[in-house]
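A short worksheet on the structure shown next.
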Amino acid sequence: MGPDLVERARAGDREAFAGLAQLHADRMFSIARRILRDFELAEDAVQEALVAAWRELPRLRDAERFEAWLTRIVVHRCYAMSKTTRARSAVRRLDPGQDVPGPDALSALHDRDELERGFRRLPIGHRAVLVLHHYVGLEPTDIAEALGIPPGTVRSRLHYAHRALRAALEADARLPIAGGPTA
């Protein structure tokens, strides 16, 4: 279904493009949601990326590289949206369909909340490489190709993103709890 579907879509076949969009939509949305940290913004980013992909598809040189090309478009839409949209509420919202945690899951929810706060502090470029490396499972050379940046830049961003995330988590751990005893 891969390159043939891409070639048909490049030739203007809307149904072929719809098939490609359906094949890649979940992955695109997961990447966008993890980078933007917001469900609605991620949906918007994916929609904008699909429109841009349809418009730019005739210029795609290698049908085999469609997925990397589409990933680049999604990440760049996330960059653009993060620049134009103010941060939304810092309150953690559950994704639709996500179960409300029970008492046993409170510790895991606390850990996820700490990680979320630290992740939100990272620049969008650092978030993108962390998502592509740790969530999608891409190697730095593949991330470099997907984002159109040198592999050394990817390795540098990964290094500094890990360092910044670790520092943010450590800083949060040192903060006194609101309403708790002060020394």
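The values are calculated or read from the model by the stated rules, or taken from the named source; none is laboratory data. All figures in this text were calculated on a predicted structure; none of them were measured in a lab. Every residue, glycine among them, receives a Cβ derived from its backbone with ideal geometry; neighbour counts consider all protein chains shown. Accessible surface is based on the protein model in full, side chains and every heavy atom, while ligands, DNA and RNA are left aside. Shrake-Rupley method; radii C 1.70, N 1.55, O 1.52, S 1.80 Å.
What about residue 10, is it farther than 23 Å from residue 136 by Cα, modelled with pLDDT under 95 and either open to solvent by less than 80 Å² (accessible area, probe 1.4 Å) or hydroxyl-bearing (Ser, Thr, Tyr) (or both)? Yes. Apart from one condition, residue 42 fits all of (1) open to solvent by 50 Å² or more (accessible area, probe 1.4 Å); (2) under 20 Å from residue 113 (Cα atoms); (3) modelled with pLDDT of 90 or more; the exception is (1).
In the stretch 129-147, the residue that is nearest to residue 77 (Cα to Cα) out of those that are in contact (Cβ under 8 Å) with a residue 60 or more places away in the chain and open to solvent by 50 Å² or more (accessible area, probe 1.4 Å) is 145.
Taking the numbered list (1) surrounded by 17 or more Cβ atoms within 10 Å (Cβ to Cβ); (2) of a type in the set (A, V, I, L, M); (3) more than 16 Å from residue 147 (Cβ to Cβ) in turn, residue 70 passes all entries but (3).
Taken together, the residues in the stretch 157-174 that are under 30 Å from residue 63 (Cα atoms) and open to solvent by less than 50 Å² (accessible area, probe 1.4 Å) amount to 1. Scanning the stretch 26-39 for residues that are in contact with a helix residue (DSSP H, G or I) (Cβ under 8 Å, 6 or more places away or on another chain) and open to solvent by less than 30 Å² (accessible area, probe 1.4 Å) yields a total of 6.
Can you say whether residue 63 is open to solvent by less than 40 Å² (accessible area, probe 1.4 Å), out of contact with any Leu (no Cβ under 6 Å at 6 or more places or on another chain), farther than 30 Å from residue 113 by Cα and at pLDDT 95 or above, as far as the supplied structure shows? The answer is no for residue 63.
Restricting attention to the stretch 112-141, the residues that are assigned to a loop (DSSP other than H, G, I, E, B) and under 11 Å from residue 31 (Cβ atoms) add up to 2. If you check 51, 46 for being free of Cβ contacts under 8 Å to residues at least 12 places away in the same chain, β-branched (Val, Ile, Thr) and in a helix (DSSP H, G or I), only one passes: 51.
Within the stretch 133-168, the set of residues being closer than 19 Å to residue 113 by Cα and at pLDDT 85 or above comprises 134, 135, 161, 162, 163, 164, 165, 166, 167.
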